[in-house]
Amino acid sequence: MEDIVTEDTSGIDPLIDDGFGVNLCDMLPRPDRWTHYYAWERHKTQLDYIITSPALAEKMVGAPQIIRAGMPWRVPNSADTPRYPRVGWDRPKASDHCPVVAEFKL
């Protein structure tokens, strides 16, 4: 079983601590925020973010989505997300990171 790892500090902290920016992924439940899997340590962590101004964050439609369909099959996939065609056990893969996407009404 893989662990979800959260860091006590992050490089994005200076952008969000004083309200300058908003981490849109904070809208998701903590176990759903992971965007990278460390196979040798068998844990998932969030390495990818969307940071916006507070004004732009208010214009987001719904919640951000984390696209996991490009992950290799070696990554445990608790959400049963289907993979893109031709994604292999380790390679080929779309990336070792999962993109985070958001929609805005401007």
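Just so you know, all these numbers are worked out from the coordinates, no wet-lab data involved. Computed from a predicted model, the values in this text were never measured in an experiment. Cβ coordinates were reconstructed from backbone atoms using ideal geometry, including for glycine residues, and neighbour counts include every protein chain displayed.
Computed values, structure above
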item	result
Stretch in the chain that is longest and holds no trypsin sites (Lys or Arg not before Pro) that DSSP places in a loop and that have at most 16 other beta carbons within 10 Å	1-41
Extension reserve of the Tyr38-Asp18 stretch, reckoned as 0.36 nm per residue once the Cα distance is removed	4.1 nm
Top of Pro72, Pro29, Pro92 by mean-square fluctuation, Gaussian network on the chain, Cα under 10 Å	Pro29
Counting all C-alpha pairs of the stretch 5-44, share separated by more than 17 Å (%)	41 percent
Value of [θ]222 nm, deg cm²/dmol, for the chain, DSSP H segments ≥ 4, -39500 (n - 2.57) each, nearest 500	-1000 deg cm²/dmol
Sites Asp26 and Leu47, calculated FRET efficiency, Cβ-Cβ separation with R0 22 Å, nearest 0.05	0.90
Chymotrypsin sites (Phe, Trp or Tyr not before Pro) within the stretch 1-91, DSSP loop, no more than 14 other Cβ atoms inside 10 Å	Phe20, Trp40, Trp73, Trp89
Unit charges on C-beta of K, R, D, E only; dipole of the chain, Debye	680 debye
Loop-located GluC sites (Glu not before Pro) in the stretch 3-106 whose Cβ has at most 16 other Cβ within 10 Å (DSSP)	Glu7, Glu41, Glu58
In order through the stretch 36-49: 3J(HN,Hα) via Karplus (6.51 cos²θ - 1.76 cosθ + 1.60), integer Hz, x for Gly, Pro	8, 10, 8, 5, 5, 9, 6, 9, 10, 8, 9, 10, 10, 9
Residue-wise HN-Hα coupling along the stretch 88-93, computed from phi with Karplus coefficients 6.51, -1.76, 1.60 (Hz; x: Gly, Pro)	x, 4, 10, 9, x, 8
Local electrostatic count, Pro64, Cβ distance below 11 Å [Lys/Arg +1, Asp/Glu -1]	-3
Choice from Gly21, Gly62, Gly88 showing the highest fluctuation, given a GNM over the chain with Cα pairs closer than 10 Å	Gly62
All lysines inside 28 Å of Lys93 as judged from Cα atoms, apart from same-chain residues fewer than 8 positions distant	Lys44
The chain: Cα Rg divided by the 2.2 N^0.38 Å rule of thumb	1.15
Reachable lysines, given that their alpha-carbon falls under 19 Å from the alpha-carbon of Lys105 and they are not under 8 places away in the same chain	Lys59
